[in-house]
Amino acid sequence: MLRLYNTLTKSKQPLEPVTPGKVGIYLCGPTVYKPSHIGHMVGPVIFDAVKRYLVYNGYDATLVVNVTDVDDKLIDESNRRGVPMAELAAEMTADYMNNLDELGVDTIDHFPRATDNMDAIIELTAKLVEKGFAYESAGDVYFDIAKCVDYGKLSGRSIDDMRGLGGGTAERKRGSADFALWKSAKPGEPSWKSPWGQGRPGWHIECSAMSGRILGETFDIHGGGLDLVFPHHENEIAQSESAHGRPMAKYWMHNGLMQASSEVGKVGGRKTREAAEGDLASQEAGKISKSKGSAPFREMLKVFPGETIRFFVLSTHYRRPIDFSEERIRQVGTGLETFYRFFKRFERVAGESFYSLAAAARRDEGHFDPAGDPLLVDVADQRNAFLEAMDDDFNTGGATGALFDLVRRLNKFVDDEKLEESAKGKTAAIDSLRRGAATLRELAGTLGLFRKPVEPPGGGDDELVEGLMRLLIDLRAESRKKKDFATADQIRNRLAELGVTLEDRPGGTEWTK
């Protein structure tokens, strides 16, 4: 049975959806005022994999990721650039969507924008005022935290912890910790008509309104980064549950933050201590963010394939901080070559592409009887290990480990059976290999991996690169044929210095970078 860690209860719980067979997921998305950086990609990649695994297990899953397209930061940036806020938001939203596409994140069902949901936001705010949980003051509307008796149940914070957080509008509030649901418009700012005058929504009310409109007053999973537990998610709970009189979400899932290397402090700062799972203070200190000048994600895609970055994110359990550096991603890319080399071997042996294999789309469809076949017994064991890891709080780190074990076993089988030297008369062995490879494709597919051949960054030069490599390989082969081993070794060694590995196989020499 699937179990997931619930931040609300601080424990792992069996997944028991509000409506049997259906799972609604809401993930807090970006504020689109600057280009996306890698930190923005963590949540979507994780929850894309979560949804894939839920569907694989037979659930009808709906994934919602919001876009905050009206906010103080957006207004400030639009003024700085001298462009309308809506134009800036559209430009940055397109950047975000393109990046998701490069990472294979394509299971999101709804991308609600705050500006498209103003009626729902105003309606929810009015409901809170009507029920006495909110009040109007000089054109602003604030949530009265003193009226929410269980405020702090998600984060463990108390109202006393928020004393003194009034900011520049403290004089308008009943309590300094009260937070804005609606903000009166300043001259020249974008605004909407409301019962309290022209204005715009506060940050927290947007998510309460959009999640409730799409998924219902109580839905299954609310996700986001660990840094959103307080105050954002705490305030969402206060708003939604005060308005509706029922739990907002059954399960709260929070992913660890993307850290700059292992360092705590600003990007490029000195490392002081490791950022641990659940340790918000240390993770927040080292978090990669727009305010710390992180490079746009699109620049990273010029260096690394999207699948490599996706695998990098999923190779760590989602609740742990992700230790980011380009060197770490390169290491992941090196590990991925194990799979890509196997895909080429499989095609040489079986005469068909790994990517054309029919893979089970549902868990029960992928079960098979090994019938005593030693390879398939091991394949079944690795499949079980993968499923056990994912069933235990979507442990993608453990699941990717099982994929490595599986591909190593398949490679050993090819070596032991000498299938590359001669596949003639080895139909049974090739059938077993095909069954194992199909299982690898099935499991990897639940993580959104190995769905299609990877195109390296700068793919427009692929034909030229391939042609040059074949030329060098042919020159090396000719040198060896003439017993000019010095030249042959020089070609191999110089390519190795460039990060290119040559592998001599019965069917010819292959190269990988």
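Where Rh is the Kirkwood radius over the Cα pairs of the range 1-40, the temperature 37 °C and the viscosity 0.692 mPa s, what D in µm²/s does Stokes-Einstein return? Don't skip to the end; give the middle numbers.
Values: Rh = 13.2 Å.
It diffuses with D of about 249 µm²/s by this estimate.
Which far-off residues, 5 or more places away or on another chain, put their amide H under 5 Å from the one on MET258, with H placed in the peptide plane?
Hits under the 5 Å cutoff: ILE288, ILE322.
May I ask you to evaluate 6.51 cos²θ - 1.76 cosθ + 1.60, the Karplus curve with θ = phi - 60°, for each residue of the range 334-343 and list the ³J(HN,Hα) values in order in whole Hz, giving x for glycine and proline?
Calculated HN-Hα couplings, in order: 4, x, 5, 4, 4, 6, 4, 5, 5, 4 Hz.
What trypsin sites (Lys or Arg not before Pro) does the range 1-80 have in DSSP loop regions with at most 15 other beta carbons within 10 Å?
Working: sites: ARG3, LYS10, LYS12, LYS22, LYS51, ARG52, LYS73, ARG80; in loops: LYS10.
Those satisfying the criteria are LYS10.
Taking θ as phi - 60°, what are the ³J(HN,Hα) couplings along the range 25-42 by the Karplus curve (6.51, -1.76, 1.60), each to the nearest whole Hz, with x for Gly and Pro?
Values per residue, Gly and Pro as x: 10, 10, 10, 5, x, x, 9, 8, 10, 9, x, 5, 10, 4, x, 6, 8, 4 Hz.
For a quick check: with amide H placed at 1.01 Å from N, whose amide H comes under 5 Å from VAL23's, ignoring anything fewer than 5 positions away on the same chain?
ASP60, ALA61, THR62
Give the long-range amide H neighbours of ALA249: residues separated by 5 or more places, or on another chain, with amide H under 5 Å away, using H modelled in the peptide plane at 1.01 Å from N.
Result for ALA249 returns PHE219.
Please compute the length gained on full extension between PHE485 and LEU471, using 0.36 nm multiplied by the number of residues separating them and subtracting their Cα-Cα distance.
Full extension from PHE485 to LEU471 adds 3.3 nm.
Under 25 °C and 0.890 mPa s, how fast does the range 459-512 diffuse according to Stokes-Einstein, given a Kirkwood radius computed over C-alpha pairs? Answer in µm²/s, whole number. Intermediate results must be reported in sequence, preceding the final value.
Values: Rh = 11.6 Å.
Translational D for this selection: 212 µm²/s.
For the range 169-217, run through the trypsin sites (Lys or Arg not before Pro) and keep only the ones in DSSP coil with at most 12 other Cβ atoms within 10 Å of their Cβ.
Passing both the DSSP loop test and the Cβ count: LYS193.
What whole-number volume per residue, in cubic angstrom, does the convex hull of the C-alpha atoms of the chain give?
Cα convex hull per residue, to the nearest whole number: 164 Å³.
Using a Förster distance of 25 angstrom, determine the FRET efficiency expected from the C-beta separation of ASP364 and LYS513, and round it to 0.05.
Once the sixth-power term is evaluated, E becomes 0.05.
So what is the diffusion coefficient of the range 326-446 in µm² per second by Stokes-Einstein at 10 °C and 1.306 mPa s, using a Kirkwood Rh over Cα pairs?
107 µm²/s
Bear in mind that the values in this text are calculations on the coordinates, not laboratory data. This structure is a prediction, so every number in the text was calculated from the model and none was measured. Cβ sites come from the backbone with ideal geometry, for glycine too, and all protein chains shown count toward neighbours.
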